[in-house]
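Shown next, in structure tokens, is the structure this report addresses.
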Amino acid sequence: MTPSLATPRPKESDWRLFLRLVPYARKSGRLLAISLVLLVPLAFAGAIQPILVGEAVSLIRRESTVSWLMDRPLQQGLNLLSLLLAATIGVRLAFRGVQGYLVQEVGQQITAAIRNDLFDHVTALAVRFYDRTPVGKLITRLTSDVEALGDVFSTGAIGIVSDILSLLIVTVAMFSLQWKLASLLVLILVPVTGLILYLQHQYRKANYKAREELSQLNSALQENILGIGVVQIFRRERFNSEQFRRTNYRYMGAVDKTIFHDSAISATLEWISLVAIAGVLWLGGWLVEGQSLNLGTLTSFILFSQRVFDPLRQLAEKFTAIQSGLTAVERIADLLNEPIEIQDPHQHQAQTLAAPTLTLGSPHTPSGEICFKQVSLAYKPGEYVLHDLNFTIHPGEKVALVGPTGAGKSSIIRLLCRLYEATEGQILIDGLNVRDLAQGDLRRYLGVILQDGFLFAGDVKGNIALGESYSLDQIRAAAASMNVDQFIDQLPQAYDTELRQRGTNLSVGEKQLLAFARVAVRDPKILVLDEATANLDVGTESLVQKALDRLLVNRTAIIIAHRLSTIRNVDRILVLKQGRLVESGSHSQLLAQGGLYASLYQLQMLGQ
């Protein structure tokens, strides 16, 4: 069985997860390079500022060792130092703004590219994947998870490079001034860094749990919103609210753990920075008293003790963003690792299949022949829903699939359209295995009308064309051929009428009428009707049935109908029971056999 999102996979290291983002960062290489170059003057400006302040104190006390300052009058030297300090502040302000904008732009470009790839991958996954995956979890991964991973580069990785560079330059500057005080600060940094890394690891685990709980929360929301009619009809508001409340509290508890570890990091750094200042004052005071250190240098180190921990504090914040982002990358990697079960054949195979003697609808082959050869289907290992099906539907033949609920009628349709892959056996159309056909070609060859016509937000003509380049005249002709043009013309803006999501401003029957026009405009060779007229009123059904009769001429058709009276005139009826083909014949032949079909028919007639 294909691994699902719930199936545990070997965990990838943080480095391997990070490398997954590198190809996306390369696409924004120019902006990334500029933002990295700007880090150098920012780091130098930050390291110079404490030295300038210390020199000002030394100059006032006439302890400065810088000759070009001591040779000037005191006020002139202070003015010069003030100008240099202002210049470093100006550099930091200007460059930090530009660099911050570029970093965020890189993050947004990475986020958009990953979201596009993720959407493409998700829409290519087989229906089997959606059967086991809640929609709310997918939405979480496409939205909040993708937003979080954008921070891995924009706020996280580049920020960490900036902080490490600042830390290195500040460290070099400290050792160039006074190695004893510099060594003290470095010795304090080492254990603090280990503690921060431990807390970050705990934060990572808590954050993963929080995102899992968020997925559950979104799944519960999506389920209740889609099923609001059932919730209200059966008065489940209080019961569902209690379920949602428990899910919400679990999410809140998981988030509280991430807040605890994040706060612990901040509190630790605040406390250690004060300890560092106290240590510098103690050691520095002793050195000043021994006249091996001047007061200006001590002032610089007091400022350095804050500057050293500022990058560490920011590193902790960046690590928090990176841990959140890597959690998101890990979850998205699980989704991207989900194999695409149903794929088109390789290009060289497709070219071979496109040879004239094998082309669908070619005069050398029958047009619209369907053949199931020893086909079996199991949605789960060992749990078969179709067993060893063998039948052939000849070109132009009208065949109905009949059987009790769960007999496998819809599963046959899904296999024919290749929404699922057959576990065993072959499905042939005009002598070609459906596995050897491009999915686009196969599904253009088939016209499927389901009982529930799904509509997208957009206008009427767009819902009929569905992204294909049909002209308005072609769309009108298709609607007229199915007798649905009058209904469309009565809409406020006719074919330009905007439909809400899922077509909620149309009735169920009106949505179904558009589904007929959608198929008619494609002029398929094979028609599949799954209770296609069940949602239409008697008058409309009569009109559509006449149009269907015209559409069925010279076309192969598979019809699923629960009202057996509507399929008495088909060429052949295939009767299914528990995934097996148990009877086959015309309406009169099956009644004469007195088997399962006859029993179902008599029960329906009795009910009427």
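The table below lists the values:
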item: Cα centroid of the range 555-603 to Cα centroid of the range 391-420, whole Å; result: 12 Å
item: The range 351-607: C-alpha pair distances exceeding 28 Å, %; result: 38 percent
item: Cα lying deepest toward the dipole's positive end in the range 16-336, options SER144, VAL275, PHE309, charges on Cβ; result: SER144
item: Set of aspartates and glutamates near LYS461 by C-alpha distance (under 15 Å), chain-local residues within fewer than 8 positions excluded; result: ASP473, ASP485, ASP489, ASP496, GLU498, GLU510
item: Reciprocal mean inverse distance between Cα atoms of the range 16-336 - Kirkwood radius, Å; result: 23.0 Å
item: D (Stokes-Einstein, µm²/s), Kirkwood Cα radius, the range 424-498, 1.306 mPa s at 10 °C; result: 108 µm²/s
item: Label point distance in nm, GLN243-TYR101, each placed 7 Å from Cα along Cα→Cβ; result: 5.0 nm
item: Partners for LYS137 among lysines (Cα-Cα distance below 29 Å; same-chain residues under 8 apart left out); result: LYS11, LYS27, LYS205, LYS209, LYS257, LYS318, LYS380, LYS511
item: Gain on full stretching of the segment that runs from ARG62 to THR193 - 0.36 nm per residue minus C-alpha separation; result: 43.3 nm
item: Lysines with Cα under 19 Å of LYS525, excluding same-chain neighbours fewer than 8 positions away; result: LYS398, LYS546
item: Rounded if a/c under 1.5, otherwise prolate or oblate - the range 110-217, Cα gyration tensor axes; result: prolate
item: Principal axis box of the range 379-475, alpha-carbon based, largest edge first, Å; result: 46, 30, 27
item: Net charge dipole size for the range 186-306 [Lys, Arg +1 and Asp, Glu -1 on Cβ; Debye, nearest 20]; result: 660 debye
item: Hydrodynamic radius by Kirkwood, which averages 1/r over all alpha carbon pairs of the range 262-310, in angstrom; result: 11.4 Å
item: Sequence-separation-based contact order of the range 544-608, relative, with Cα cut under 8 Å and 6+ spacing, percent; result: 21 percent
item: Gain upon complete extension [THR143, PHE391; 0.36 nm per residue less C-alpha separation]; result: 84.7 nm
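Every number here is computed from the coordinates shown, using simple stated rules; none is lab data. Bear in mind that the values here come from a model prediction, so they are computed numbers and not experimental data. Cβ sites come from the backbone with ideal geometry, for glycine too, and all protein chains shown count toward neighbours.
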